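The block underneath contains the structure these notes are about, expressed in C-alpha cells.
The values are calculated or read from the model by the stated rules, or taken from the named source; none is laboratory data. Bear in mind the structure is a predicted one, so any value in this text is a computation, not a measurement. All Cβ positions, even for glycine, are placed from backbone atoms using ideal geometry, and neighbour counts span all protein chains on display. With ligands, DNA and RNA removed, areas are computed over all heavy atoms of the protein, side chains included. Shrake-Rupley method; radii C 1.70, N 1.55, O 1.52, S 1.80 Å.
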Amino acid sequence: MGEVGLGSPVTIDGTPGRAPEDDARPGRLQVVNHCCRPENNCDSVMIMCETTFLSLYVLVSNVQIAAGTEVTFPYQENHVENGTPVIARGAFWQDADSLTVVPRGMRVIRCQCQQICPNGWGRLEKKRPPPSLPPPS
C-alpha cells in the first residue's frame, strides 16, 4: 500500500511479465472488464510520480458514463513498429489465428468484446472440468 499523489491509498501489483516489453498495464490485474475500441468507455493513462518516478496507470473516462453502466477499457492497444503490427510478448491478448498450438488441458478463448472482436484477439485458458454431478440417491 502507498500513496502516489492521488490522495487515496493505492495497492501496486508488482507482477509484470519478465521481459521489458511485456504489457504491465491494468489488463494484468483483470479487475475491470475489457472492451476493444471503439466501444470502450475508459482509457488507461499513465501518471508518473515526480518524486519517486514510479508510474501508476489509472482509468479515465472518454465519455459520460451513466449510473449503472459497466466500466470497460481496452486491455491493450494495437501498435505498429516499422510498418508491422506488434503484440508484446506475454500480452494478455494475442492474434487468435496465431494460437495454432494448443497445449493439453488448454483451450483458445476468443475476445467477444463486440460480438466479433475488431482485433481478432484470443488467449489460452485452462479448460474447466465439467461440473460434478451429485451421487444418485
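Looking at (1) within 17 Å of residue 36 (Cβ to Cβ); (2) modelled with pLDDT under 85; (3) of a type in the set (Lys, Arg), which one does residue 123 not meet, given that it meets all the others?
Residue 123 satisfies all of (1) within 17 Å of residue 36 (Cβ to Cβ); (2) modelled with pLDDT under 85; (3) of a type in the set (Lys, Arg) except (2).
Here is a check on your reading of the model: is residue 75 touching a Ser or Thr at 6+ places or on another chain (Cβ under 8 Å) and either surrounded by 10 or more Cβ atoms within 10 Å (Cβ to Cβ) or in contact (Cβ under 8 Å) with a residue 24 or more places away in the chain (or both)?
no
If you take the residues of the range 78-102 that are more than 16 Å from residue 121 (Cβ to Cβ) and either assigned to a loop (DSSP other than H, G, I, E, B) or of a type in the set (Gly, Ala, Ser) (or both), which of them is most open to solvent (accessible area, probe 1.4 Å)?
Looking at residues that are more than 16 Å from residue 121 (Cβ to Cβ) and either assigned to a loop (DSSP other than H, G, I, E, B) or of a type in the set (Gly, Ala, Ser) (or both), I get 82.
Is there a residue in the range 36-47 that is open to solvent by less than 90 Å² (accessible area, probe 1.4 Å), more than 17 Å from the chain's Cα centre (by Cα), at pLDDT 55 or above and outside the structural domain of residue 117 (by the TED database)? Outline the logic, then answer.
Kept after step one, since they are open to solvent by less than 90 Å² (accessible area, probe 1.4 Å), are these residues of the range 36-47: 36, 40-45, 47.
Next, only the ones that are more than 17 Å from the chain's Cα centre (by Cα) stay: 47.
Of the ones still in play, those that are also at pLDDT 55 or above are 47.
Adding the requirement that they be outside the structural domain of residue 117 (by the TED database) leaves 47.
Yes, there is a match, as at least one residue in the range 36-47 is open to solvent by less than 90 Å² (accessible area, probe 1.4 Å), more than 17 Å from the chain's Cα centre (by Cα), at pLDDT 55 or above and outside the structural domain of residue 117 (by the TED database).
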